[in-house]
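Novice: Before we start, here is the structure in question, set down as structure tokens.
Where a number appears in this text, it was derived from the coordinates with a stated rule and is not lab data. Owing to the predicted nature of the structure, the values given are computational and were not obtained by experimental measurement. All Cβ positions, glycine included, derive from the backbone under ideal geometry; neighbour counts span all protein chains shown.
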Amino acid sequence: MKTLTIIQPDDWHVHVRSGAILKAVIAHTARQFARAIIMPNLKPPITTMEQALAYRDEILQAVPAGLNFTPLMTLYLTAATTPEEIKRVADSEYVHAFKLYPAGATTNSDAGVANVKAIYPLLEALEKHDVPLLLHGEVTDAECDIFDREKVFIETYLVDVVKNFPNLRIVFEHATTQEAVEFVQASSNKIAATITPQHLLFNRNAMLAGSIRPHYYCLPIIKREKHRVALVEAATSGNAKFFLGTDSAPHLSHLKENSCGCAGCYSAHAAIELYAEAFETENALDKLESFASFNGPDFYRLPRNTTTIILKQEPWQVPATYGTGDLSITPLKANEMLRWKIQ
Ligand code: NCD
Ligand code: ZN
């Protein structure tokens, strides 16, 4: 039987929610990953240090005994964020970055930034204090086609941000296009990107061909095949600018299987296994460890993990749902077979 031993990975982009959903999902993330960047798009969003520390406590309480897991907290950047809060984050050992959501771009982003130019003083403070900016890189204009929103964001905003703040560390979250890959490759080493398992494994046919499959619907939306190929090439290239961020985003099954379904794929149940499949298909399993376990901490200037995980080539079937009673979450690849299993 084939096995693969790698340094324990971290998830550099995950949504774990709060309350009952947090309790239902956190073990999945905590049993695979040593650390995870926790996205702040709760309702209301996590915008202050105090909220982030309380949320951190709630997450730690929910982690099952025996699992060693460190949540890396983030704050939600709004027009009301102050330079003082940014300084506090710079001095904090628990909060690691700010997340910028363009207003209305995705789940719980009403409080997001409506005008990127208007918050340049905050970007200046982030640059000065060397706090990473995590970007949801999509424009939200109603006229802009949903499949073009990432590319247009880069042209309209990101080029200018990078020009004005050359020392600002930016993670282009959940890159989904060839244009994003090329932008990151061509930028300085201050610019990196996370890539999700769904954008490595699927193109938009998985979501839309023949019938509509809402569990593949996430934002940024899954694109056409040439973009998937560009993402796979970037992830498996060994380039240190690209690292693992699942964007696992649990929603109740009935809110996705709905005439107005929510955006977000749930992948925490099999995150590293899904990435292993993508890398194996490309004959690049030897590149999985740097993508999953080295490039992220190096960019965030945190120590690499020293524990290891073992992946076995052992087929298993993903359950139809996770959760009990009213709480049902449909995972990515529900009912399907996976080739790898974490021990
Ligand atoms: C995320 C969520 O549900 O919180 N949804 C998604 O489709 N990715 C938000 C986000 O990261 O865009
Ligand atoms: Zn996300």
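Novice: Restricting to lysines 8 or more places apart or on different chains, can you count the pairs in the range 210-343 with Cα atoms under 26 Å from each other?
Specialist: Count of close lysine pairs: 15.
Novice: Over the Cα atoms of the range 10-304, what is the Rg over Rh ratio if Rh follows Kirkwood?
Specialist: Over the Cα atoms of the range 10-304, Rg/Rh equals 0.93.
Novice: On to the next question. So if R0 is 56 Å, what FRET efficiency would K163 and N283 give, r being the distance between their Cβ atoms, rounded to the nearest 0.05?
Specialist: Plugging the Cβ-Cβ distance into 1/(1 + (r/R0)^6) gives 0.90.
Novice: Further, regarding this structure: Nothing charged except the Cβ atoms of Lys and Arg (+1) and of Asp and Glu (-1): what's the magnitude of the dipole of the chain about its Cα centre? Round to the nearest 20 debye.
Specialist: Values: 32 positive and 38 negative charges, 108 e Å.
In debye, rounded to 20, the chain gives about 520.
Novice: Explain nothing, just the number: dipole magnitude of the range 252-343 about its Cα centre with +1 on each Lys and Arg Cβ and -1 on each Asp and Glu Cβ, in debye rounded to the nearest 20. Walk me through the intermediate numbers first.
Specialist: Details: 8 positive and 11 negative charges, 39 e Å.
My answer is approximately 180 debye.
Novice: May I pose another question? What's the extension gain from A80 to E143 if we count 0.36 nm per residue and subtract their Cα-Cα distance?
Specialist: Result: 20.0 nm gained on full extension.
Novice: If you consider only alpha-carbon coordinates, what radius of gyration and Dmax does the range 1-101 have, in Å?
Specialist: Rg then Dmax for the range 1-101, in Å: 14.6, 55.
Novice: Once the dipole of the chain is set up with Lys and Arg at +1 and Asp and Glu at -1 on Cβ about the Cα centre, which of I195, A175, T3 lies farthest towards its positive end?
Specialist: After comparing all options, I get T3.
Novice: Now for a different question. Quick one: Cα centre-to-centre distance for the range 294-343 and the range 155-186, in angstrom?
Specialist: The distance from the Cα centre of the range 294-343 to that of the range 155-186 comes to 28 Å.
Novice: Okay, next question. Of G112, L67, T47, which is farthest towards the positive pole of the range 10-304's charge dipole, taken about the Cα centre with +1 and -1 on the beta-carbons of Lys, Arg and Asp, Glu respectively?
Specialist: Most positive-ward Cα: L67.
Novice: Using Cα centres only, tell me the gap between the range 51-110 and the range 195-260 in whole Å.
Specialist: 24
Novice: So, one more: If R₀ is 41 angstrom, what is the calculated FRET efficiency for the pair E336 and Y120, using the beta carbon separation as r and rounding to 0.05?
Specialist: Plugging the Cβ-Cβ distance into 1/(1 + (r/R0)^6) gives 0.35.
Novice: For the pair C260/R301, report the inter-label distance in nm, with labels modelled 7 Å from Cα in the Cβ direction.
Specialist: The two pseudo-label positions are separated by 4.5 nm.
Novice: Give me the net charge of Q51's neighbourhood, meaning all other residues with Cβ under 14 Å from the Cβ of Q51; Lys, Arg count +1, Asp, Glu -1.
Specialist: For residues surrounding Q51, the net value is 0.
Novice: Going by how many other beta carbons lie within 10 Å of each one, how would you line up D326, D160, fewest first?
Specialist: Exposure proxy ranking, most exposed first: D326, D160.
Novice: Please compute one quarter of the surface area of the Cα convex hull for the range 190-315 and express it in square nanometres.
Specialist: Dividing the Cα hull surface by four gives the mean projection, 9.0 nm².
Novice: For S259, S290, S188, what's the fewest-to-most ordering of other Cβ within 10 Å of each Cβ?
Specialist: If I rank by nearby Cβ atoms, fewest first, I get S259, S188, S290.
Novice: Based on other C-beta atoms within 10 Å, arrange K190, K43, K256 from fewest to most.
Specialist: Least to most surrounded, the residues fall as K43, K190, K256.
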